[in-house]
Amino acid sequence: MTRAELRRSTGLGLPPRRQFRGRLFAVGCLLASLLPVVVGALLLGALLRQGAQMDEPQALIQRLAASGADGLLGSVAGSLWLVSLSIFIAMPLGVGAAVHLEGPRRTGRSLLALNMASLAAVPSVLYGIVGLELFVRALHLGHSLVAAAMTLALLVMPIVAVAARAALRAVPDELREAGYALGATRWQVTRQVVLPAALPGIFSGVILAIARAFGEAAPLLLVAGLAVSSSESTTLGDPEHVLPLHVFELLARPHEAAQADAIAGVVVLLGTLMVLSTWATRLRHRHERRRDG
Amino acid sequence: MIALRVSAAAPVLLSVALVGLLVRGAWSEGVLVLPAHGLLPLVLGTLLVAGLAAVIAVPVGLLAAIYLGEFSSPSRRRWLKPLLELLAGVPTIVYGLIAVMVVGPWLHRVFPSVQVHSGVTAALVLSLMVLPTVSSLTDDALRAVPRELREAALALGASRLRMLRVVVLPAAAPGIVAAVMLAVSRAMGETMIMTLAAGDLPSGGLDPRQAVKTLTSHVGHGALVEPLDAAMYTAGGALLVVSLLTHAVAHRLVRRRGRWS
């Protein structure tokens with residue numbers, strides 16, 4: 001689909017006033033599109049209010065501050081470590097795969113692309129099994145933060161790669177041809193012309209990947225080895241102290257104060273994600289505006 | 001250049017490793033190890049919960065997509081669509097918390113026969129999570145229908161509703177089915193909501209008002225109790241097959257053209 005086609009809207013707006021049933025249907029559709037947003041907001045509000053009722057806010061803040069490195073703050077720091085490590089691994093791999101796939105006429109490209117698309121559909125727990133077998137057991141990294149980061153890197157690599165492919169494809173061919181006309185080699189064109197032009201698109205994909213890695217809990221459940229006693233801590237960091245698992249573990253505890261703490265963790269998690277997604281959206285908008293003139 | 005080759009090969013290696021590990025782990029001394037009550041209850045439980053979620057999410061998602069694609073003004077669409085997609089970005093652990101602490105107790109209070117940890121609870125929350133998948137992809141499919149087709153229908157005197165039913169929806173049908181399949185695939189692979197909310201009934205009952213055990217919750221609960229046993233690899237393999245099958249169907253359909261083309 002060309003850019004002009006994308007920009008042209010196909011929607012015709014509301015039906016004319018005399019088509020009463022059409023209008024009624026349109027209103028029904030509007031309500032249906034608002035319903036999930038309203039329900040989601042209500043449920044989240046109910047969760048937060050329940051957390052506020054469970055515990056005195058001041059007592060909660062004092063407890064969170066007192067628990068220090070073991071509690072919420074420690075798990076936020078752990079999450080930041082984990083996510084930056086995994087992005088550090090996933091970004092070169094994903095962008096490299098995308099550059100390779102978008103290169104001139106590769107054999108078996110469609111198969112590689114199909115493979116990438118199917119990987120994006122693999123449920124995230126299965127990545128946990130892969131991480132457990134490959135990194136924890138085969139590479140003897142133990143139930144460590146590094147193993148968890150490598151697992152998450154595998155999980156978000158397809159996200160980065162898909163976004164990077166789209167961004168690379170959006171770079172106009174004229175730019176590449178100009179580079180070749182000036183006598184640049186293919187590697188020089190890729191590095192100095194195509195990648196800088198595609199950078200905003202790649203970057204917004206990376207932010208999406210960060211958001212995904214930040215909230216993901218299922219593969220960590222396996223890699224962190226919650227069943228194994230956590231006393232055998234390794235020098236490579238402890239993956240149990242990350243935000244999603246912190247929330248999960250608090251939830252598993254019976255008493256109410258732990259649940260209030262879990263909800264405090266949810267607030268931090270959602271706040272971080274809000275910032276990340278707004279950032280990604282703004283980046284994409286700016287990129288599109290610059291591209292379309 | 002070699003680095004590029006390596007990074008392009010990484011996904012292939014990853015998928016080989018995934019399949020290989022699952023197949024190797026599932027066999028113990030030459031015998032395929034099944035979960036305690038067989039594989040079938042888990043698969044049926046997965047289908048039940050994901051199907052229920054789809055039954056709730058698909059009608060609402062379709063209507064929302066029709067609004068976004070057909071009736072909405074561009075300015076309203078610009079804020080409504082990201083708002084809907086925000087629902088898909090909420091971490092699943094948060095959904096799990098909502099299911100256990102808000103939806104479950106509330107359902108139990110209104111319908112005493114429904115337990116707090118039940119298939120219905122999980123399906124309700126799951127439907128909220130997969131709804132943006134349905135609405136966004138269906139919206140894309142509707143927008144891919146050429147404007148000329150709509151204009152032709154209107155020129156022949158069709159009302160807007162009739163145009164939608166007779167021309168636009170059939171033309172977008174493959175894309176819509178693909179959207180539904182992708183949503184089901186996402187729902188089946190979701191772990192945290194299933195583990196927290198669907199409960200853990202070992203007998204494998206299929207009453208949605210009670211706890212239902214699914215493939216993902218089997219693996220999720222297993223991770224908490226003991227180091228992985230072979231039965232969990234079998235469940236993981238089944239999960240991989242089921243979700244890749246639905247994804248493959250969706251992948252085939254997305255490209256296909258509907259009627260009038």
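The values are calculated or read from the model by the stated rules, or taken from the named source; none is laboratory data. Predicted model, so just to flag it, every value in this text is computed and none were measured. Note that we place each Cβ from the backbone using ideal geometry, even for glycine, and neighbour counts take in every protein chain shown.
Side notes on the structure shown:
- Restricting attention to segment B:7-42, the residues being at pLDDT 85 or above and of a type in the set (K, R) number 0.
- Hits in segment B:47-84 (condition: at the interface with chain A (Cβ under 7 Å from one of its Cβ atoms), closer than 17 Å to A:V27 by Cα and aliphatic (A, V, I, L, M)): B:V60, B:L63, B:A64, B:I66, B:L68, B:L80
- For segment B:188-200, a residue qualifies if it is outside any helix (DSSP H, G or I) and more than 9 Å from chain A (Cβ to nearest Cβ), and the qualifying residues are B:A198, B:G199, B:D200.
- Filter result for the condition that a residue is assigned to a helix (DSSP H, G or I) and touching a helix residue (DSSP H, G or I) at 6+ places or on another chain (Cβ under 7 Å), over B:L13, B:L83: B:L83
- Residue in segment B:26-41 that is more than 13 Å from chain A (Cβ to nearest Cβ), part of a helix (DSSP H, G or I), out of contact with any strand residue (DSSP E or B) (no Cβ under 6 Å at 6 or more places or on another chain) and buried (at least 20 other Cβ atoms within 10 Å of the Cβ) present: yes
- Matching residues, segment A:14-53, being of a type in the set (A, V, I, L, M) and touching a Lys or Arg at 6+ places or on another chain (Cβ under 8 Å): A:L14
- Enumeration of residues in segment A:23-45 that are more than 15 Å from B:S73 (Cα to Cα), surrounded by fewer than 20 Cβ atoms within 10 Å (Cβ to Cβ) and more than 34 Å from the chain's Cα centre (by Cα): A:L24
- Every pair of residues 6+ apart whose Cβ atoms lie under 8 Å, when the first sits in segment B:235-246 and is at the interface with chain A (Cβ under 8 Å from one of its Cβ atoms) while the second is outside any helix (DSSP H, G or I) and among the hydrophobic types (A, V, I, L, M, F, W, C): B:L240/A:V122; B:S243/A:V122; B:L244/A:V122
- Of all residues in segment B:11-25, exactly one satisfies the criterion of being surrounded by 20 or more Cβ atoms within 10 Å (Cβ to Cβ) and farther than 21 Å from B:A235 by Cα, namely B:P11.
- Meets criteria (among the acidic types (D, E), assigned to a helix (DSSP H, G or I), crowded, with 24+ Cβ neighbours inside 10 Å and in contact (Cβ under 8 Å) with a residue 12 or more places away in the chain) for B:E70: yes
- Yes/no for A:A52 being away from chain B (no Cβ under 11 Å), modelled with pLDDT of 70 or more and out of contact with any His (no Cβ under 9 Å at 6 or more places or on another chain): yes
Yes/no matrix, rows are residues, columns are (1) without any contact (Cβ under 8 Å) to a residue 12 or more places away in the chain; (2) facing another protein chain (nearest Cβ under 9 Å); (3) among the β-branched types (V, I, T); (4) within 20 Å of B:P59 (Cβ to Cβ):
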{"site": "B:V103", "(1), (2), (3), (4)": "no, yes, yes, yes"}
{"site": "B:V114", "(1), (2), (3), (4)": "no, no, yes, no"}
{"site": "B:V134", "(1), (2), (3), (4)": "no, no, yes, yes"}
{"site": "B:R150", "(1), (2), (3), (4)": "no, yes, no, no"}
{"site": "B:A158", "(1), (2), (3), (4)": "yes, no, no, no"}
{"site": "B:A183", "(1), (2), (3), (4)": "no, no, no, yes"}
{"site": "B:R186", "(1), (2), (3), (4)": "no, yes, no, yes"}
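- Total residues in segment A:104-135 satisfying the condition of being outside any loop (DSSP other than H, G, I, E, B) and either over 18 Å from B:S15 (Cα atoms) or in contact with a strand residue (DSSP E or B) (Cβ under 8 Å, 6 or more places away or on another chain) (or both): the figure is 0.
- Of all the criteria given as (1) in a loop (DSSP other than H, G, I, E, B); (2) more than 9 Å from chain A (Cβ to nearest Cβ), the one not satisfied by B:V167 is (1).
- The combined condition, being at pLDDT below 90 and under 24 Å from B:L124 (Cα atoms), is fulfilled by B:G45.
- Residue check for B:A123: more than 9 Å from every other protein chain (Cβ to nearest Cβ) and surrounded by fewer than 24 Cβ atoms within 10 Å (Cβ to Cβ): no
- Subset of segment A:129-169 (residues that are in contact with a helix residue (DSSP H, G or I) (Cβ under 9 Å, 6 or more places away or on another chain), within 10 Å of chain B (Cβ to nearest Cβ) and free of Cβ contacts under 8 Å to residues at least 40 places away in the same chain): A:V130, A:E133, A:L134
- In segment A:195-224, the residues that are free of Cβ contacts under 8 Å to residues at least 40 places away in the same chain and hydrophobic (A, V, I, L, M, F, W, C): A:A197, A:A198, A:L199, A:A217
- Just one of the numbered conditions (1) within 19 Å of B:T195 (Cα to Cα); (2) among the small types (G, A, S); (3) modelled with pLDDT of 85 or more is not true of B:A250: (1).
- From the list B:V12, B:V33, B:V16, the lone residue that is closer than 30 Å to B:S118 by Cα and either in contact with a His (Cβ under 8 Å, 6 or more places away or on another chain) or not basic (K, R) (or both) is B:V33.
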